[in-house]
Amino acid sequence: MRIRVFSDADRLAEAAAGEIAAWIRLEIPVPSIGLAGGTTPRGAYERLRSHRLPWRRVQAWLTDERAVPPGHIASNTGMVRRTLFDHVPATFHPVPWSENAAEAAAAYETDLAGFLPRAARGLQPGLVVLGLGEDGHTASLFPGTSALEETRRGFVANWVPQLDAWRLTATLPLLTSARRAVFLATGRHKASIVAEVLSGDSDLPAARVSRESRDAVWLLDREAASRLDT
Ligand code: 6PG
């Protein structure tokens, strides 16, 4: 696991775009990128637009989605389309919408199986980009929620009592099968959870994904890294 610290969120966004672009070039002929929602990655997605890449070969998906109809302001699909996929000719796979979250998750897993390579343990994503919540969640794997117990399926519906809402999320088996995981965190408000998750003895969801990943790299700005033992 590697940690890279940057002076501010803009420099981190540039570096994150560089990590994703380098992966796309590395994983040719069929690179896949699984993208986080939320706010932290937006700057990186916007900066990716100016990278000259073989976008038509790129398969892109979401590591989680809110259970909201297309067009809803909270939709991660809307955010990644506005910041990136409305501007580059990649193949982006949105999470399907259904009133029944479990049906949507099952349909998405079938979609993922149509383009992600399959290894012995199941689907094997290329690069996944992940954020970090202040409670230690990543994707929509929130502490204490049932999706954390999933050992077989790659994408599930997850009831999140903390939000009183359904989420749709990649599971630990799918995220930890990725060939590379890039975590992004910025801001002083993330400093203590970053220190806890990277302490080495945390069982929070983000810590489990990072620890069990084949190749995890954390991109932090100086504020988010400010509680790490140097
Ligand atoms: C989502 C994300 C989620 C996010 C964290 C951090 O759907 O919101 O996938 O896991 O990465 O909540 O969110 P911020 O980047 O907004 O701090």
Quick check: Cα centre of the range 1-70 to Cα centre of the range 144-193, how many Å? 17 Å
Based on Cβ point charges of +1 for Lys and Arg and -1 for Asp and Glu, what charge dipole magnitude is obtained for the range 133-230 about its Cα centre, in debye rounded to the nearest 20? 380 debye
Ignoring everything except DSSP H segments at least 4 long, calculate the 222 nm mean residue ellipticity for the chain; use -39,500 (n - 2.57) per segment, divide by total residues, nearest 500. -7500 deg cm²/dmol
Size of the range 87-131 as Cα extents on the principal axes (Å, biggest first): 34, 30, 24
What are the residues whose amide H is under 5 Å from the amide H of Glu223, where those residues sit 5 or more places off or on another chain and H is modelled from the backbone? Gly187
Just tell me, in residue order, which DSSP H segments of the chain are both 24 angstrom or longer along the helix axis (alpha-carbon based) and at least -1.0 in mean Kyte-Doolittle hydropathy. 9-26
What spacing in nm lies between the two simple spin-label points modelled at Thr39 and Ala74, each 7 Å away from Cα in the Cβ direction? 1.6 nm
For the chain, modelled as a GNM with alpha-carbon contacts under 10 angstrom, which of Pro94, Pro29, Pro41 fluctuates the most? Pro29
When the chain is treated as a Gaussian network with springs between alpha carbons less than 10 Å apart, the largest mean-square fluctuation among Asn100, Asn158, Asn76 is found at Asn100
What trypsin sites (Lys or Arg not before Pro) in the range 16-74 are in a loop by DSSP, with at most 16 other Cβ atoms within 10 Å of the Cβ? Arg49, Arg52
Rounded to a whole number of µm²/s, how large is the Stokes-Einstein D of the range 1-143 at 10 °C and 1.306 mPa s, given Rh as the Kirkwood radius over C-alpha pairs? 100 µm²/s
The range 99-173: which trypsin sites (Lys or Arg not before Pro) are DSSP loop and have at most 14 other beta-carbon atoms within 10 angstrom? Arg121, Arg152
The summed charge of the Leu168 Cβ neighbourhood (under 9 Å; Lys/Arg +1, Asp/Glu -1) stands at 0
If the elastic network links every pair of Cα atoms under 10 Å, which of Gln59, Gln162, Gln124 fluctuates the most in the Gaussian network model of the chain? Gln162
Cα-based Rg then Dmax for the range 65-151, in Å, read 14.2, 38
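How many times 2.2 N^0.38 Å is the alpha carbon radius of gyration of the range 130-230?
Relative to the 2.2 N^0.38 Å estimate, the range 130-230 comes out at 1.04.
Rule-based calculations on the coordinates, nothing more; no lab input. Just so it is clear, the model here is predicted, and its values are computed rather than measured. Glycine gets a Cβ as well: all are built from the backbone with ideal geometry, and neighbour counts include every protein chain shown.
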